[in-house]
Each structure stands twice: as structure tokens, then as C-alpha cells.
Amino acid sequence: MNTLVASAPARGPQQTALWAGTAAFTVSFAVWTIFSIIGVQIKQELGLSDTAFGLLVATPILTGSLSRIFLGVWTEQFGGRRIFAAVMLAGAVATWLLTYAHSYPTYLLAALGIGIAGGSFTVVITYVSKWFPKARQGTALGIVGAGNIGSAVTKLLAPLVLVALGWHGVARIWAVALALVAVAFYVLTRDEPDLVERRARGVQAVPFLVQLRPLKNLQVWRFSLYYFFVFGAFVALALWLPRYLVGAYGLDLRSAGLIAAAYSIPASLFRIVGGWASDRYGARKVMYWTFIGSVICTFLLSYPSTSYVVQGIEGPIAFTLAVGVLPFTVLVFVLGFFMSLGKAAVYKHIPVYYPDNVGSVAGVVGMIGGLGGFILPIVFGLLNDLIGVWTSCFMLLFVLVATALAWMHFAIRRLELARHPQVARDTDLPEIMPAAGAARGTDQPISGRL
């Protein structure tokens with residue numbers, strides 16, 4: 001399979017593919033995270049525990065995650081335009097059928113169907129990447145990935161519709177919108193250039209199993225861990241924050257949705273900046289920014305409200321340390337910003353390292369990342385039920401991102417030592433080596449171990 005064709009794609013269809021794909025993915029993501037708002041109402045109606053609620057809001061993420069690897073390969077074989085439209089129509093039907101659910105098991109079944117909308121990410125990433133050269137793929141894929149803002153659209157608009165029409169009204173409106181967007185996308189866009197060329201030359205699509213060969217590389221799974229945090233934790237928090245804010249701070253659902261949007265919006269829009277920065281400064285450097293910033297934010301957010309009593313000179317002095325609503329909003333905004341940079345940087349790696357297997361590699365990375373969005377909300381609810389501390393979700397995320405940072409750093413260090421073995425031997429700082437040589441009466445720098 002050829003990732004790029006010999007002649008550059010026409011600018012008109014190229015831009016249409018980019019912006020139509022971004023708009024369609026935004027609506028798909030809004031549907032995929034619909035339970036973040038209507039799930040709170042369903043929780044009250046059914047009297048669900050936090051663990052059961054976590055499972056409900058995470059179930060669409062499971063389907064969207066597991067389907068990504070298959071959808072990625074099918075996109076390579078049959079074209080993103082056709083697959084993306086089909087995925088959106090399937091998601092629209094499942095969302096409409098949700099309104100007929102009548103018990104917890106039927107809600108879970110409907111949620112599995114809605115999850116197919118989340119599988120669209122791998123499709124649109126693969127589709128759009130075929131329209132741009134490598135030097136511009138980071139920015140292009142960052143723009144497409146900004147469609148994650150669909151979760152903020154749901155948080156901002158769904159509470160208003162819910163108050164007026166109930167959660168059934170939210171589901172029906174979201175379903176109709178997704179169906180209309182699917183038709184518009186198929187009509188406005190064209191097949192990707194390499195698919196057109198392949199058909200013209202009569203070249204068969206690469207077999208499914210051949211597409212999966214790169215998955216043997218440990219590097220693919222390392223990228224997947226990165227995405228488990230930057231995307232999986234993003235989805236998990238996008239689903240969990242309204243519930244967190246209602247429970248931890250006693251906010252109403254509308255206010256909680258607005259504050260949660262303060263997290264979702266930067267975690268989506270700044271993905272464009274992450275793509276641009278990855279093109280300009282390198283994806284590796286951007287990943288360091290992401291993980292270091294996220295370690296700091298999750299550490300601060302994980303600190304629970306704590307009361308202290310200090311024995312003062314004139315008697316006990318009581319005070320409480322807690323993260324208020326305003327500092328919490330600022331911290332999750334900053335955390336969302338760093339996550340957005342990382343989401344773009346991870347996917348910048350894929351077309352560079354695996355240009356002939358974008359669909360399969362993007363599929364498995366997206367699948368693992370999406371599984372984070374499924375697993376983490378369940379674990380958040382479980383930690384609440386077992387430990388009883390609201391900030392336990394951020395404690396878990398701190399451990400996760402610290403692990404990812406350590407693995408990335410040691411993997412990069414090992415790669416550098418393999419390429420430049422002398423680094424392990426010559427450890428004097430470059431700026432002091434001439435001075436050290438002069439001190440010994442020679443113009444030659446000396447080597448040694450610090």
C-alpha cells in the first residue's frame with residue numbers, strides 16, 4: 001500500500017476532507033460521550049451505585065475501542081469515506097434505539113451499540129492522513145483530533161435539552177444530527193488519492209493479517225500506553241467529571257457540565273497546537289512536555305481535603321487544606337491542555353514510523369487508548385466505593401502518567417546509547433572539558449566519569 005501518491009492532492013478536495021472529517025468526528029464524539037450527561041439522570045432513575053454508573057458511562061467506550069483496529073484495517077482496504085459514513089449511520093440508529101431501553105441490562109446493550117460512533121476516530125485519522133505529506137500530517141491530524149471537543153458540546157448543550165425535553169429528547173436529537181452529518185460527509189468528500197490510484201491500477205488491498213504485522217513491535221505498545229493516558233484518561237475524565245463535581249462539590253448538573261467543559265475544550269482544541277508543535281519541535285519533545293505537566297497537575301489534584309490541628313502557643317489551631325472549585329477548574333484546564341498536546345504527538349509518530357500500516361497501528365493504539373476510557377471510569381467508581389475518597393481517581397492517574405514518563409525516558413535513553421555508545425563512556429560536561437584539559441597542561445579535553 002502506498003501512503004502517498006506521486007502527485008499532490010488537489011487543494012479543494014484536500015481541505016474538504018480535512019474540515020468535513022473534523023466536523024463529522026466532532027458530532028460522532030458528542031454522541032459517543034452522551035452518557036456523561038444523560039447517565040446522571042439514568043443513575044438517579046435506576047438508583048445505581050457509583051460502580052454501576054461507571055460501567056454504564058464506560059460501555060460505549062468499550063465498543064468504540066475494540067472496533068478501532070478492525071475499522072482501521074477496513075479503512076485501508078475499502079476507503080475512509082465509505083467506512084466513516086457507515087459507522088456514523090450505525091451509531092445514529094443505536095442512539096435512537098436507546099430511548100426504548102427499560103432496564104439496566106437494556107441500557108448497557110444500547111450503550112454497546114452507541115459505542116460504534118467512537119470507532120470513527122481511527123477511520124478519520126487514516127482517511128485524512130492520506131491527503132497530506134508527512135511534513136504537514138502533524139498539524140492536519142491535530143485539527144481532526146480537535147473533534148474531541150464534541151464531548152464539550154454534549155456537556156454544554158445536553159443539560160439544556162435535558163431540562164426541556166428529558167434525556168430521551170437528548171438521545172433523539174443527537175441521533176438525527178449524526179445521521180444528517182453522515183449523509184453530508186459522504187456527499188461532500190471524495191475517496192482518498194491512494195485508494196483512487198490503487199483502483200485505477202487494479203492493485204488488490206493489503207490482506208488483513210499482513211496489516212497486523214507491525215503489532216509485533218514493542219514500540220507500538222509503548223505508544224499505546226502513552227495514548228492510554230492522554231486519550232483514555234481524557235475520555236474517562238470527560239465522562240466522570242460531571243459526577244465528580246456533583247458529588248465532591250455539591251454542584252448542580254448544569255454547573256458541573258460547564259466546569260467539565262473547561263476541561264474538555266482545551267483538551268480538544270489545543271490538539272491543533274500539539275500537532276503544530278510536533279511538526280516544528282518533534283513529537284518526542286512534546287511528549288516530555290505532556291507527561292511532566294500532567295504529573296504535576298495530577299499530583300495536585302490528587303490531594304484530598306484534609307483538616308489539621310496544630311498545637312499553637314495559645315491553644316489548638318485548626319485549618320483545612322483543600323482544592324476549591326476555582327483552583328480545581330484551573331488545574332483541570334491545564335491538565336486538559338497537556339493531554340491535548342500528547343494526543344497529537346502520539347499520532348504524529350504513527351505515519352512517520354509506519355507509513356504503510358497507518359490503519360492497523362493507529363487502530364491498535366486507538367483501541368488501547370479507548371480501552372482506557374472504558375476501564376478508568378469503572379475503576380474510578382470502584383475506588384469511590386472501596387476507599388471513599390473523591391480524589392482517588394486523580395491518585396490513579398498520577399501513578400499512570402508517572403509510569404508512562406519513566407518508560408518513555410528509559411526507552412529513549414536506551415535508544416540513544418545504542419546509537420551513540422560513547423555517551424556511556426564520555427560523561428564530562430562539554431563546557432568543562434576544555435577547562436579540565438587546560439588545568440592538566442594540555443589542549444586536549446579529558447574524559448572520565450562524574
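The values are calculated or read from the model by the stated rules, or taken from the named source; none is laboratory data. Nothing here was measured: the structure is a model prediction, and the numbers come from that model. Every residue, glycine as well, gets a Cβ built from its backbone with ideal geometry; the counts of neighbours run over all protein chains shown.
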Next on the checklist: If I filter segment 261-273 for residues that are touching a residue at least 60 places away in the same chain (Cβ under 8 Å), surrounded by fewer than 23 Cβ atoms within 10 Å (Cβ to Cβ) and under 22 Å from Met395 (Cβ atoms), do I get at least one hit?
Outcome noted: yes
Checklist outcome for this item: Those residues of segment 106-138 which are of a type outside the set (Gly, Ala, Ser) and without any contact (Cβ under 8 Å) to a residue 24 or more places away in the chain amount to Thr106, Leu109
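Does Val31 satisfy being assigned to a helix (DSSP H, G or I), more than 21 Å from Ala362 (Cα to Cα), at pLDDT below 90 and not polar (S, T, N, Q)? Walk me through it before giving the result.
Numbers: assigned to a helix (DSSP H, G or I): yes; more than 21 Å from Ala362 (Cα to Cα): yes; at pLDDT below 90: no; not polar (S, T, N, Q): yes.
Criteria not met by Val31.
Return a yes/no flag: does segment 162-170 have any residue that is on the phi > 0 side of the Ramachandran plot, surrounded by fewer than 23 Cβ atoms within 10 Å (Cβ to Cβ) and modelled with pLDDT of 85 or more. Steps first, answer last, please.
Our first condition is that a residue be on the phi > 0 side of the Ramachandran plot; within segment 162-170, this holds for 166.
Filter once more, keeping what is surrounded by fewer than 23 Cβ atoms within 10 Å (Cβ to Cβ): 166.
Filter again for modelled with pLDDT of 85 or more, leaving 166.
Checked against the condition, which is being on the phi > 0 side of the Ramachandran plot, surrounded by fewer than 23 Cβ atoms within 10 Å (Cβ to Cβ) and modelled with pLDDT of 85 or more, segment 162-170 yields at least one hit.
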Checklist entry - So which of Leu156, Leu165 is closer than 20 Å to Ala94 by Cα and either part of a helix (DSSP H, G or I) or not acidic (Asp, Glu) (or both)? => result Leu165
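Say we look at segment 351-394 and pick out the residues that are part of a helix (DSSP H, G or I) and of a type in the set (Ser, Thr, Tyr); which of these is modelled with the highest pLDDT? Explain how you work it out, then say what you get.
First, pick out the residues of segment 351-394 that are part of a helix (DSSP H, G or I): 351-353, 358-387, 392-394.
Keeping just the survivors that are of a type in the set (Ser, Thr, Tyr) gives 353, 360, 392.
Working: Tyr353: 75, Ser360: 72, Ser392: 91.
Looking at residues that are part of a helix (DSSP H, G or I) and of a type in the set (Ser, Thr, Tyr), I get Ser392.
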Next on the checklist: Scan segment 117-127 and tell me whether some residue there is of a type in the set (Phe, Trp, Tyr), at pLDDT below 90 and under 21 Å from Thr59 (Cα atoms).
Outcome noted: yes
Checklist entry - Within segment 82-105, is there a residue that is closer than 23 Å to Gln44 by Cβ, in contact (Cβ under 8 Å) with a residue 40 or more places away in the chain and touching a His at 6+ places or on another chain (Cβ under 6 Å)? => result yes
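Here's the yes/no breakdown for (1) surrounded by 13 or more Cβ atoms within 10 Å (Cβ to Cβ); (2) assigned to a helix (DSSP H, G or I); (3) at pLDDT below 90:
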site: Gly275; (1), (2), (3): yes, yes, yes
site: Arg280; (1), (2), (3): no, yes, yes
site: Val286; (1), (2), (3): yes, yes, no
site: Val295; (1), (2), (3): yes, yes, no
site: Phe299; (1), (2), (3): yes, yes, no
site: Pro304; (1), (2), (3): yes, no, yes
site: Gln311; (1), (2), (3): no, no, yes
site: Pro316; (1), (2), (3): no, no, yes
site: Thr320; (1), (2), (3): no, no, yes
